[in-house]
1. Identify all residues within segment 232-273 that are among the polar types (S, T, N, Q) and assigned to a strand (DSSP E or B); write none if there are none.
2. Those residues that are among the charged types (D, E, K, R) and closer than 29 Å to residue 300 by Cα, I need them from segment 315-342; list them, please.
3. Select, from 74, 105, the only residue that is in contact with a helix residue (DSSP H, G or I) (Cβ under 9 Å, 6 or more places away or on another chain) and either closer than 26 Å to residue 228 by Cβ or free of Cβ contacts under 8 Å to residues at least 12 places away in the same chain (or both).
4. Hey, can you tell me all the residues within segment 215-238 that are open to solvent by less than 10 Å² (accessible area, probe 1.4 Å) and either more than 14 Å from the chain's Cα centre (by Cα) or not β-branched (Val, Ile, Thr) (or both)?
5. In segment 303-324, how many are assigned to a strand (DSSP E or B), under 18 Å from the mean Cα position of the chain (by Cα) and either farther than 18 Å from residue 287 by Cα or of a type in the set (Phe, Trp, Tyr) (or both)?
Amino acid sequence: MTSDQQHGDDAAQFDALAQDGPQQRAFLRSRWFGASPAPPDRMVLRGEEGMALAALGLAMRRRGPFRLREIAGSYWPFRGVPLAPGIDEAVLADALGRQRKRLGSIWRLGPVEAGDPELKRLRLALRQAGWHALARPLGQVFEIDLAALRQDGAWPSTKTQRKNRWRKRRLEEEGGAVSVEFFSGSDWTARQRDALAQIEAESWLGTLADGGDTKFRDPEMRRYWEDICTDPVLAAMLFGSLMWIGDTPAAFTFGIEAGPVRYYIANNYDQRFNQFGAGRVLLYDDFARAGERGVRRISWGVGDAGYKSEMGAQPGAHLIDLLFVRNAVLARLLSPWWERAA
């Protein structure tokens, strides 16, 4: 088998494992790991009969004094390892043990949702294979139980809807007609990506000396999302909305929808339109559209509890960052450093 054939076979196995796994993890496809400046080391773990058990896309990264392997892919909403359904942890542990040199004595997986059943299976197998897990807390994700809110009655409330109509009128008075575009990765245009980058430049992120964690103003991150769209399945999962006020891009949302869950990766607004809540108005429109599509849960990331809580979000899954270490003594030595690492 040539290297190209091996790459194609591994990519197909990544995609098959992601497709057969839980719907909310279906974005963990080969291109999710492969869309990066340095192509990852793809590793498909197989059982004795050749069945694919797990798929790992590994990148090399410096962390403090170490260069270590880590699971590749976007930091948000989380990183993960696709697993075969119903796999026995002992069988997976054996496959992991056979790859211990390739994985290395220290490697990282994070952020991850602490309570994810797939993660629990992987951690059990890794423990059986001799790795010790060090966990660093990253915060708690805010979530909206969209299905429950819609079932309980009109959501958003009549008062909120009236307030949003008032906000739209004031925005129009300030800058011109308000219009909203919705897009997926399948029909996302360069003009829209330029508009998202412009909003980031005019947002609070644009005031930071280091440029902030931008998704579209940063050329490398923009290429990542553009590369992801070369996979038609992933492209269809990506979603976004863009509000224009007159000819000015004013606010956007962006994320990935997997089964019943919408993960919001970024939402931002031009600070010139902050007074009348352009970003908030757009989010309400976006949530309404998600509900109409059958989305049951909004996963909204960590931080900014104030406005998220006001819009119906509640604390949800805990995010952690995991370091797997094979040597027990080294694990004890690294534990204080990892737990306080920024």
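1. 241, 248, 253, 267, 268
2. Those that are among the charged types (D, E, K, R) and closer than 29 Å to residue 300 by Cα: 321, 339, 340.
3. One residue alone meets the criteria, 74.
4. 216, 225, 234, 235, 238
5. Number of matching residues: 6.
Yes/no matrix, rows are residues, columns are (1) closer than 30 Å to residue 232 by Cα; (2) of a type outside the set (Phe, Trp, Tyr); (3) touching a helix residue (DSSP H, G or I) at 6+ places or on another chain (Cβ under 8 Å); (4) part of a helix (DSSP H, G or I):
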| residue | (1), (2), (3), (4) |
| --- | --- |
| 143 | yes, yes, no, no |
| 156 | no, yes, yes, no |
| 159 | no, yes, no, yes |
| 162 | no, yes, no, yes |
| 174 | no, yes, yes, yes |
| 182 | yes, no, yes, no |
| 191 | yes, yes, no, yes |
| 196 | yes, yes, no, yes |
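Per-residue answers, yes or no, for (1) assigned to a loop (DSSP other than H, G, I, E, B); (2) open to solvent by 70 Å² or more (accessible area, probe 1.4 Å):
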| residue | (1), (2) |
| --- | --- |
| 53 | no, no |
| 58 | no, no |
| 75 | yes, yes |
| 78 | yes, no |
| 94 | no, yes |
| 111 | no, no |
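The values are calculated or read from the model by the stated rules, or taken from the named source; none is laboratory data. Since the model is a prediction, treat every value here as computed from it, not as a measurement. Neighbour counts run over all protein chains shown; Cβ positions are idealised from the backbone, glycine included. Quick note on the areas: whole protein, heavy atoms, side chains included, nothing else; ligands and nucleic acids left out. Shrake-Rupley method; radii C 1.70, N 1.55, O 1.52, S 1.80 Å.
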